[in-house]
1. Would you mind finding the one in B:SER13, B:SER43, B:SER30, B:SER21 that is under 18 Å from the mean Cα position of the chain (by Cα) and closer than 27 Å to A:ASP104 by Cβ?
2. So which residues in the range B:20-45 are open to solvent by 20 Å² or more (accessible area, probe 1.4 Å) and more than 16 Å from the ligand (Cβ to nearest atom), if there are any at all?
3. Would you please name the residue that is farthest from A:LEU136 (Cα to Cα), looking only at residues in the range A:184-214 that are open to solvent by 10 Å² or more (accessible area, probe 1.4 Å) and among the hydrophobic types (A, V, I, L, M, F, W, C)?
4. Could you tell me whether the range B:117-125 includes any residue that is among the hydroxyl-bearing types (Ser, Thr, Tyr), part of a loop (DSSP other than H, G, I, E, B) and either modelled with pLDDT of 95 or more or within 16 Å of the ligand (Cβ to nearest atom) (or both)?
5. Restricting to the range A:50-62, name every residue that is within 17 Å of A:LEU216 (Cβ to Cβ) and either open to solvent by 20 Å² or more (accessible area, probe 1.4 Å) or assigned to a helix (DSSP H, G or I) (or both).
6. Name the pairs whose Cβ atoms lie under 7 Å apart, with the first residue in the range B:71-91 and free of Cβ contacts under 8 Å to residues at least 24 places away in the same chain and over 18 Å from B:TYR128 (Cβ atoms), the second among the polar types (S, T, N, Q) and within 15 Å of the ligand (Cβ to nearest atom), and 6 or more positions between them or separate chains?
7. Does the range B:134-141 contain any residue that is at positive phi and within 10 Å of chain A (Cβ to nearest Cβ)?
8. Of everything in the range A:126-170, what is closer than 20 Å to A:ARG79 by Cβ and either in contact with a strand residue (DSSP E or B) (Cβ under 7 Å, 6 or more places away or on another chain) or within 14 Å of chain B (Cβ to nearest Cβ) (or both)? Give them in sequence order.
Amino acid sequence: MNPCVIPKLSEDYDGDERKLSMHKRFVQQARTCESEILFIGDSIIEQLQFSTLWLEKISALHCINFGIGGDRVENVLWRIQNGELDFNVKLKAVVLFVGTNNTDCTPHEIFEGILEIVKEIKQRLGNVFVILPTLLPRGQYPNPYRERNEHVNTFLIDKFCNEANADEHTQNVHVVEIHHNIVQNDQTISHHIMHDYLHLTNSGYLKVFGPVYDKLCTLLNK
Amino acid sequence: MNTCKLPAPVDDSDGDHRWMSIHKRFVSESREKDADVVFVGDSIVQALQHTEVWNELFAPLHCLNFGIHRDKIENVLWRIQNGELDNVKPKVIVLHVGTNNHANTPEEITEGILEIISTIRERHHDVYIVVPTLLPRGQHPNKLRERMAQVNELLKSKLVNLPKVELVVIDKGFVQSDGTISHHDMHDYLLLTNAGSRKAFEPVHELLLQLLSEGEPEKDLTPSE
Ligand SMILES: [Ca+2]
């Protein structure tokens, strides 16, 4: 059985229940906020909200950020099934970015998990725009995690960008390919773009998530 | 056996080897840059570098930041024993680590921190070592908070007699009267927001200014409480 499609509350490895606290806060925020765009996912989404791109551009679109560091596909699936999509205001778009932490799953399992989240979003929010930025490469040098994420991207692009595979789940879903031009010619990733070879620097966010912002503006005619 | 005192790299046999990449970069940065202050430690230190507070208060003091997300005491110990501080001559080293040692007792964590301090001292006889206290964590009261508080108490008694080692209390003002910690201070109930960073690290900044401006080493510094 694919673990990515089985909704699961994040493990409380530390013993301080921080993730549950965050989830409860998000459920509360969903009920009370006036936001029209939801960013949901892992640490790369979470840390986006502290970047200049977010503070100066994205937040002006009335966005809310439900990123949790370390979250896996099945954790996000659990969260949206447990109140994080129960918005008082009608959402216009959801930006979903998760999968890089499923390091023990196959690319196809991760892809299926993301597809499951997309289905769940559509079931709950109707024909909302769903934006899927592609997974990012990681590590200073080539490594299996990079290959895994690249492989997930191949599945995502094939499903959502290939007309032949269009169905009710692919409608209004937009893959934004943000994974290009991060790995340099010598196959390394610079710490100027990813300070720890996973998380983006401030300038990294501007470069990598800039196209996501542009896509939102286009879709919402802003 | 106290695992905190056994230097160890982070195990990443099948992964992307990010930890080792970061360590190696720190070693080369220490060769290339002349820093007056080096911060070394865990996620709290790493995250500080990406706040306004860092740009505003610390970057102008010529600081290097050798923080790695999720590092435990034994990982920092390994990094220091493997060259991160061998090619720098800072006036101050700021050390903050321990919150990720979930499996260790307060006594073990304290001993581990003391082990790092003596490892630093072997390499830098005259440097000031500044130790900010460990921060509370979790939205609601929990065992880890209690453990951090116990470590802080132990540190107070153990560090007081060590020459040129300064404990700075930074953990006050985070737990509110109802026992909760606000996400306005710690966005994930562990890592600091800008506002939280300011609250916690302004006292560290003040001490650094004092230490850096000294011509002569001060003999009696009252711990800032
Ligand atoms: Ca040097």
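The values are calculated or read from the model by the stated rules, or taken from the named source; none is laboratory data. These figures come from a predicted structure and were not determined experimentally. Cβ atoms come from the backbone with ideal geometry, glycine included; neighbour counts cover every protein chain shown. In case anyone asks, the SASA skips ligands and DNA or RNA and just uses the protein heavy atoms, side chains included. Shrake-Rupley method; radii C 1.70, N 1.55, O 1.52, S 1.80 Å.
1. None of the other options fit; the residue is B:SER43.
2. Within the range B:20-45, just B:MET20 meets the criteria.
3. A:LEU206
4. no
5. Here is the first cut: in the range A:50-62, the ones within 17 Å of A:LEU216 (Cβ to Cβ) are A:51-62.
Residues satisfying the conditions are A:THR52, A:LEU53, A:TRP54, A:LEU55, A:GLU56, A:LYS57, A:ILE58, A:SER59, A:ALA60, A:LEU61, A:HIS62.
6. Taking only residues 6 or more apart or on different chains, not a single pair turns up.
7. Yes, the range B:134-141 has at least one match.
8. Selection gives A:VAL128, A:PHE129, A:VAL130, A:ILE131, A:LEU132, A:PRO133, A:LEU135.
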